[in-house]
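One structure is given below, encoded as structure tokens.
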Amino acid sequence: MDNREMFESLGIKPEVYDFCEEQLRALEDRFEEIDAIAEYNQLKVIKAMQDAQVSEAHLYGTTGYGYDDIGRDTLERVYANVFGTEDALVRSQIICGTHALATALFANTRPGDEILCPVGKPYDTLEEVIGIRPSVGSLAEYGVTYRQVDLLPGSVFDYEGIKAAINERTRLVEIQRSKGYATRDTFSPAKIGELISFIKGIKPDVICMVDNCYGEFVQREEPTAFGADMVIGSLIKNPGGGLAPIGGYIAGTKECIERCAVRLTSPGLGKEVGPSLDTNKLFYQGLFMAPTITAGAEKGAIFAAKVFEKLGFSCHPAADAERYDIIQAITLGSEEAVVAFAQGIQAAAPVDSFVTPYPDDMPGYDSKVIMAAGAFVQGSSIELSADGPIKEPYNIYFQGGLTWYHAKLGIMMAVEKMYEKGLVKF
Ligand SMILES: *Cc1c(COP(=O)(O)O)cnc(C)c1O
């Protein structure tokens, strides 16, 4: 059996295979560039582990208070090395990206301070953390205020607006790298650096934190190389390498990390407590795998954009655009197409491939949503998944894939399901 027949045995018609393979041929140079970045980041991670003298003893965990958890402490040194920061907090007690971001926000502000978002509205879940949407326990309840400066058309920073918004109470600036569910561009670390320089030029002591979710290892450099005081992300995404079952990280200056640590545990305890339980080995191995996994996911995103642009759909980012995260949005234009795409992703999964997803109401969403995922780690968003709100303009958001080959199958299967419904033709 050759590869084409193997794909056919999984349900991909030869004409779908041939069409997709043809698009793939145009991506060779692009994939080579991605491989070069993955190699660089793989070496960066290995060097970070060697410099921290990671040893077998570090792969085991502690329970209870977690005093003298050398695996955890060394892992935090490794993260600090990878992100080029003074210190890091990498914990299984951090539930998810939102928790890590909330920890950093609460830790580094005091009543009377103001938070500034200079790139428009932050990620949806932060609205309740900050209190943009009234919520029990929000920063607003503690007297921390919030200001936002929207981007100008074309995802351009509104420097004048930002300058006018900075005042004597501005304590912390939150910059989101990935576009999330917004329609703006994702920012490169260098672009974020320009914004940070501008802000620090006006107020040098302001803390600049970057929501780095989905951006890790997509480029050679992280935002901390361009002046960010803290970068924050989820281990269920890129840096967990598909192996971390939970967790988040905050890497940054010594002062910022200390404040985060005492906020996460307790004043007086800080980084000294927090058992790693059985997570150390998974966190180390996941980080080791992360550069290649991120590269595979990015290849999948580019391949999807290439295929769907050719089929006449608008893709964000465009297939030939530079990438700073692994998210791909495709405007499919109809409910039928969104459903067929998601069902294709599901049908290509190693786990739960026989399940058929349908749109349904979800807490926190104002429309029905269809979600496709068949993951080894429940809730993982670095594994191949897709979700689409059932509303205009009928976008599907597609991300992940622990291997490029799985991402490729998923995209072909999405095309296949749409082809079967007569929604695309070659
Ligand atoms: C995923 C994500 C978060 C945090 O989400 P969690 O589901 O809490 O991990 C925050 N910001 C961005 C841009 C994200 O993609």
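We did not get these values from a lab; they are worked out from the coordinates using the rules stated. All values derive from a computational prediction rather than experimental measurement. Reconstructed Cβ throughout: ideal geometry from the backbone, glycine too, with neighbour counts over all protein chains shown.
Values as computed for the structure displayed
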{"item": "Degrees between helix 97-107 axis and first principal axis of the chain (Cα, 0 to 90, nearest 10)", "result": "20"}
{"item": "For segment 398-403, Karplus couplings with θ = phi - 60° (6.51, -1.76, 1.60), whole Hz, Gly/Pro x", "result": "10, 7, x, x, 6, 9"}
{"item": "Max mean-square fluctuation residue, GNM over the chain, Cα-Cα springs under 10 Å, options TYR405, TYR365, TYR60", "result": "TYR365"}
{"item": "Packing-based order for 293-300, 376-383, using average beta carbon neighbours within 10 Å, highest first", "result": "293-300, 376-383"}
{"item": "Dipole magnitude of segment 1-94, debye to nearest 20 (Cβ charges: Lys/Arg +1, Asp/Glu -1, about Cα centre)", "result": "460"}
{"item": "Mean separation of Cα contacts under 8 Å, 6 or more apart, over the residue count of segment 55-287: relative contact order %", "result": "30"}
{"item": "Length released on extending from LYS203 to GLU15, taking residue separation times 0.36 nm less the Cα-Cα span", "result": "61.8 nm"}
{"item": "Fluctuation leader among TYR67, TYR249, TYR40 - the chain, Gaussian network, Cα springs under 10 angstrom", "result": "TYR67"}
{"item": "Angle in degrees between helix 254-264 and the longest Cα principal axis of the chain, rounded to the nearest 10", "result": "80"}
{"item": "Computed lengthening from LYS368 to LEU269, 0.36 nm per intervening residue step minus Cα-Cα distance", "result": "31.2 nm"}
{"item": "Net charge dipole size for the chain [Lys, Arg +1 and Asp, Glu -1 on Cβ; Debye, nearest 20]", "result": "560"}
{"item": "Net charge, GLU221 excluded, C-beta distance under 13 Å - Lys, Arg +1, Asp, Glu -1", "result": "+2"}
{"item": "GNM flexibility winner over the chain from THR183, THR109, THR62 (Cα, springs under 10 Å)", "result": "THR183"}
{"item": "Protection proxy ranking of 155-161, 169-175 - average other beta-carbon atoms within 10 Å, highest first", "result": "169-175, 155-161"}
{"item": "Cβ-based charge dipole, the chain, positive-most Cα from ALA318, PRO153, GLY71", "result": "PRO153"}
{"item": "Helix axis angle, 28-51 relative to the chain longest principal axis, alpha carbon, degrees", "result": "30"}
{"item": "Lysine-lysine proximity count for segment 55-287, Cα under 16 Å, sequence distance 8 or more or distinct chains", "result": "7"}
{"item": "Positive-end residue of LEU282, ALA182, ASN212, charge dipole of segment 55-287 with Cβ unit charges", "result": "ALA182"}
{"item": "Charge-dipole axis of the chain as Lys and Arg at +1 and Asp and Glu at -1 on Cβ define it, positive-most pick from LEU195, GLN399, ALA52", "result": "LEU195"}
{"item": "Rel. contact order, % - alpha carbon contacts under 8 angstrom, at least six apart, the chain", "result": "17"}
{"item": "Size of electric dipole in segment 218-327: Cβ of Lys, Arg +1 and of Asp, Glu -1, about Cα centre, debye, nearest 20", "result": "220"}
{"item": "For segment 1-151: relative contact order, % (alpha-carbon pairs under 8 angstrom, 6 or more apart)", "result": "14"}
{"item": "Chain lengthening between ARG4 and ASN167 when straightened (0.36 nm per residue, less Cα-Cα)", "result": "52.5 nm"}
{"item": "Residue-averaged 222 nm ellipticity for the chain, from DSSP H runs of 4+ at -39500 (n - 2.57), nearest 500", "result": "-12500 deg cm²/dmol"}
